[in-house]
There are 2 protein chains.
Amino acid sequence: MIDYIREGAEIYRRSFATIRAETDLSGMPSEVAGVAVRMVHGCGMVDLVEDLAWTDNAVTAARAALHDGAPVLCDAAMVAAGVTRRRLPADNDVVCTLSDERVPELARELGTTRSAAAMELWRDRLEGSVVAIGNAPTALFRLLEMIEQGAGRPAAVVGVPVGFIGAVESKQALAAHPTGLEHLVVHGRRGGSAMAVSAVNAIASEEE
Amino acid sequence: MIDYIREGAEIYRRSFATIRAETDLSGMPSEVAGVAVRMVHGCGMVDLVEDLAWTDNAVTAARAALHDGAPVLCDAAMVAAGVTRRRLPADNDVVCTLSDERVPELARELGTTRSAAAMELWRDRLEGSVVAIGNAPTALFRLLEMIEQGAGRPAAVVGVPVGFIGAVESKQALAAHPTGLEHLVVHGRRGGSAMAVSAVNAIASEEE
């Protein structure tokens with residue numbers, strides 16, 4: 001038998017203790033710090049907090065929206081799959097439109113990626129929603145364009161698209177958006193669906 | 001309108017060119033290098049390759065197993081959700097047993113986590129399978145115990161559990177397993193379901 005800790009609660013306790021010992025969470029509102037800890041937990045990197053940026057009210061606004069029944073709009077199926085349903089306070093809808101049959105045609109019409117085209121199908125539900133972009137920079141760019149052009153405003157946007165082309169710039173655009181969206185971003189190339197899920201699950205419930 | 005690249009193929013081309021320019025893939029078999037590039041693409045971190053370890057035949061063996069119809073056994077629902085079905089060469093089953101109704105009782109009986117208990121339900125399908133552990137160190141530890149005790153041997157194991165308690169040690173245990181399992185691991189704390197998915201999708205098809 002290999003010697004390892006088998007008790008789930010003890011693993012969580014030690015994990016969060018390690019994270020709190022190794023990260024500097026000062027300067028963060030306590031709600032944001034709680035989310036940051038879970039994001040670090042989900043990726044194994046304590047230096048993630050150095051790239052984290054936020055508006056002070058982002059977590060509070062997103063949490064309130066979920067309590068009021070807002071949907072969680074996700075850019076990727078993996079993000080939607082990862083949201084823990086029992087953490088959601090109002091049996092909230094978790095929506096991903098990427099595989100909608102209308103998306104390929106929309107992408108051709110708009111001359112953009114399928115991820116960006118899928119944003120068009122969010123229009124009806126955008127106002128007051130919680131948005132989680134964990135994969136495609138083009139989805140975040142397109143969302144910002146739509147909002148600037150008058151589409152509904154989300155309660156908050158978790159912006160953690162990942163990668164080498166557009167990820168850095170799309171997150172900068174979110175943080176500097178002229179409409180002043182509530183947001184939580186990880187600047188730089190890092191991000192991804194797992195990171196988006198960690199953030200949403202932490203926003204959904206304060207339970208560690 | 002924000003200025004950004006909207007063409008999916010061009011985004012991929014530039015992304016992979018950036019990764020190949022910034023990473024040192026020498027010393028890797030070409031099949032492993034192909035998988036490494038996609039793993040870097042999925043997490044945005046070129047230094048991931050420094051923590052990558054592999055057996056030379058791991059990717060080839062996993063790919064051959066998939067062509068022969070092997071199932072992909074995943075420790076987490078997010079991993080299973082992220083595997084791109086159209087990349088799989090033989091309409092392969094993608095299996096996650098974590099939410100099986102027998103798991104909570106099994107976990108109590110065995111005195112371990114639900115993730116580790118869920119491994120018990122893999123026994124019938126383990127021989128010749130492709131295993132992807134993207135979340136729980138205890139799942140990987142338990143799998144290694146089962147194989148050492150005579151359970152079926154997977155064709156290859158993608159071992160990228162994440163976190164602060166057991167992740168480092170479980171991946172070391174896989175790399176040093178006395179039965180000499182074919183494996184691909186990311187040493188250290190980094191890992192996660194998105195990373196496991198990148199690896200499986202790259203193994204499933206050489207298409208970038």
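Tabulated data
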| item | result |
| --- | --- |
| Projected label distance in nm at residue A:68 and residue B:127, using a 7 Å step from Cα toward the beta-carbon | 5.9 |
| Burial order of peptide ranges B:50-61, B:149-160, A:62-73, B:188-199 (average beta-carbon count within 10 Å, highest first) | B:188-199, B:149-160, A:62-73, B:50-61 |
| Surface accessible to a 1.4 Å probe, per residue, for the residues of segment B:8-204, Å² | 37 |
| Heavy-atom accessible surface of chain A: percent carbon and sulfur, 1.4 Å | 46 |
| Those residues of segment B:39-75 for which accessible area with every protein chain present is at least 10 Å² below the isolated value (1.4 Å probe) | B:41, B:42, B:43, B:44, B:45, B:46 |
| Cβ-placed point charges (K, R +1; D, E -1), dipole of segment A:8-204 about Cα centre in debye, nearest 20 | 460 |
| Shielding by other protein chains, A:3-14, mean Cβ within 10 Å | 5 |
| Test item: B:159-166 mean partner chain Cβ contacts at 10 Å | 6 |
| Relative contact order computed over chain B (Cα-Cα under 8 Å; 6+ residues apart), in percent | 24 |
| Whole-Hz ³J(HN,Hα) from phi, Karplus 6.51 cos²θ - 1.76 cosθ + 1.60, for segment A:80-94, glycine and proline x | 4, 5, x, 5, 6, 4, 6, 7, 6, x, 9, 6, 4, 5, 10 |
| Binned Cα-Cα distances of segment A:66-193, short to long, each 10 Å bin given as a whole percent | 14, 47, 35, 4 |
| Sum of -39500 (n - 2.57) over DSSP H runs of 4+, divided by residues of chain B (222 nm, nearest 500) | -12500 deg cm²/dmol |
| Residue-level accessible surface for residue A:45, protein heavy atoms, 1.4 Å, Å² | 20 |
| In degrees, nearest ten, helix B:193-204 long axis to first principal axis of chain B (Cα) | 80 |
| Charge dipole (debye, nearest 20) of the protein assembly as shown; +1 at Cβ of Lys and Arg, -1 at Cβ of Asp and Glu | 140 |
| Förster-model FRET efficiency, 60 Å R0, residue A:207 and residue B:205, C-beta, rounded to 0.05 | 0.95 |
| Helix axis angle, B:30-43 relative to chain B longest principal axis, alpha carbon, degrees | 90 |
| Semi-axis lengths (Å, descending) of the ellipsoid that matches the C-alpha gyration tensor of segment B:53-95 | 18, 14, 8 |
| Residue B:207 - accessible surface, heavy atoms, 1.4 Å probe, Å² rounded to 10 | 100 |
| For the protein assembly as shown, radius of gyration divided by Kirkwood radius, i.e. Rg to Rh on alpha-carbons | 0.95 |
| Compactness of segment B:1-110, expressed as Rg and Dmax over alpha-carbon positions, Å | 18.0, 59 |
| Neighbourhood net charge (13 Å Cβ-Cβ; Lys/Arg +1, Asp/Glu -1) for residue A:49 | -2 |
| For the pair B and A, total buried accessible area rounded to nearest 100 Å², probe 1.4 Å | 3400 |
| Length released on extending from residue A:17 to residue A:109, taking residue separation times 0.36 nm less the Cα-Cα span | 28.0 nm |
| Angle in degrees between helix A:58-67 and the longest Cα principal axis of chain A, rounded to the nearest 10 | 80 |
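The values are calculated or read from the model by the stated rules, or taken from the named source; none is laboratory data. Just so we're clear, the structure is a prediction, and the values are computed from it rather than from any experiment. Cβ coordinates were reconstructed from backbone atoms using ideal geometry, including for glycine residues, and neighbour counts include every protein chain displayed. Heads up: the accessible areas ignore ligands, DNA and RNA and are worked out on the full protein's heavy atoms, side chains in. Shrake-Rupley method; radii C 1.70, N 1.55, O 1.52, S 1.80 Å.
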